[in-house]
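Novice: Have a look at the structure that comes next, please.
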Amino acid sequence: MKDTPLSNCERDFLLKAIEEKKRLDGRQTYDYRKIKISFGTDYGCCFVDLGQTRVMAQVSCELVAPKENRPNEGIMFFNIELSPMASPGFEQGRQSELSVKLNRQLERCLRNSKCIDTESLCVVSGEKVWQIRVDVHTLNNDGNLMDAASIAAITALCHFRRPDVSTQGQEVTVLYFFFFLNFCLQYSPEERDPIPLSIYHMPISVSFAFFQQGTYLLVDPCEREERVMDGLLVIAMNKHREICSIQSSGGIMLLKEQVMRCSKIAGVKVSEITELISEALLNDRKARKAGGKCGFAESMPQERITALKKDETPVEMTDVTETANGIIQKGEAAPQTVPSPVVPVPGVGQVGQGLQNSWGLEDDDEDNYEEEKNDNSGDEQVEEVTKMDVGEGDVVEISDSEEEEVVILNPEVPEKLKNTGSKSHQKGAAASKKRQKK
């Protein structure tokens, strides 16, 4: 399933806002979104929220045979999974162009920068080494997945603890530890704590989006800004301002001054993010040492299990009763309701005190109506019609019927047509009499 493309109006609106140095979420040009780092119950599980973008990194290890060309070094493996839960444009079980691109950038950022001492992962030279696997899962995509993935991966590697091993000749024994709600269960004759990885530095990537062929620059683009950008520059750097990797995409030509400016901005952002990661690791270490809640148990009271949950608006509830009573006392009394004096028609029932009910009177009224109808029909059969002349040729018909009184006035006619006119009057009177009887 493909993402819904942006309309021309949305595209023009975004570009116009960027020209005016305005962003959709109210940030400035070089501002990052809010970063939130949390850890799971097990070592090596890390959740990173970059605004609305949410990723999870999980580190695991196993003993494998080393590579032939490097028998004394461990193996680092990175994998980024773009789940359909994060965006409808991602497909399950199929590597897209974006996933391949993110995997390569993450490997170039962490493995090629030699941030981890791989020689310390060797157990028996040429036979057994530790393979460290980092799986990054996207839980929600709102842009800038690369920065969120790099922060989650390096934080999970710093938080991870591998089990210790003991060697006796060619025999290798792994001392496993199981942690459940801060209780350590060790199934080994020797008591040994898990060993953290040897990390030299923490490389973190910072993304820059360019618009209008490099005229405008934004840090940490969101998903809508990524759709309208012309090019992307990703710089991976550590807190010592050492560039670990740099990659440009989009086909735009950047000047030397633009790259230098981006590197200076990246140095400041990397220092701030590194301090945030160190503080999060220190707080988690203190919580586990003190026996406090951490991971899943810590998430339950703080309601951090559901992703992207909005905070509730605080409401003052101290003097609600007093305020309500004061409003009731100051308010005007409601007018008393008086029952309607209108008598309902037959067959209508009213509910309420003081109201009249004529529900059972409908049958009696129907019988009275039928009797009146029969009387009217008898009167119509015996009605008498009286004719009287008004002047010459004028006939007035008067009947006993209460419905209408018909007066027919005929104009004067010559004497020659008098006889024929009288006959027509007689016929008209007879016709009107028939209509009245009907």
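Novice: For q values of 0.20, 0.22 Å⁻¹, compute log₁₀ I(q)/I(0) with the Debye formula on a Cα-only model of the stretch 57-114, without solvent.
Specialist: For the stretch 57-114 at q = 0.20, 0.22 Å⁻¹, log10 I(q)/I(0) is -0.89, -0.98.
Novice: Could you work out the Rg to Rh ratio of the stretch 1-129, with Rh taken as the Kirkwood radius (inverse of the mean 1/r over all Cα pairs)?
Specialist: Details: Rg = 20.4 Å, Rh = 18.7 Å.
On the Cα set of the stretch 1-129, Rg over Rh gives 1.09.
Novice: Moving on. Over the Cα atoms of the stretch 201-294, Rg to Rh with Kirkwood Rh, two decimal places?
Specialist: Here the Rg-to-Rh quotient is 1.13.
Novice: Continuing with the same structure: Which value, in Å² and to the nearest 10, is the accessible area of residue 328 when all protein chains are kept and the probe is 1.4 Å?
Specialist: 130
Novice: Using a probe radius of 1.4 Å on heavy atoms only, what accessible surface per residue do you get for the stretch 230-270? Whole Å² is fine.
Specialist: In whole numbers, the stretch 230-270 has 56 Å² accessible per residue.
Novice: For a quick check of understanding: with a 1.4 angstrom probe and all protein chains in place, what accessible area in square angstrom does residue 193 have, to the nearest ten?
Specialist: Its heavy atoms expose roughly 120 Å² to the probe.
Novice: Does anything in the stretch 5-39 have its amide N under 19 Å from the 7 Å Cα→Cβ label point of residue 286, and if so which residues?
Specialist: Residues 36-39 fall inside that zone.
Novice: In a solvent-free Debye calculation with one equal scatterer on each Cα, what is log10 I(q)/I(0) for the stretch 55-170 at q = 0.23 Å⁻¹, listed in the order of the q values?
Specialist: Once normalised to I(0) and log-transformed, intensities are -1.26.
The values are calculated or read from the model by the stated rules, or taken from the named source; none is laboratory data. All values reported here derive from a predicted model rather than from experimental measurement. All Cβ positions, glycine included, derive from the backbone under ideal geometry; neighbour counts span all protein chains shown. Surface accessibility is based on the protein's heavy atoms, side chains included, excluding ligands, DNA and RNA. Shrake-Rupley method; radii C 1.70, N 1.55, O 1.52, S 1.80 Å.
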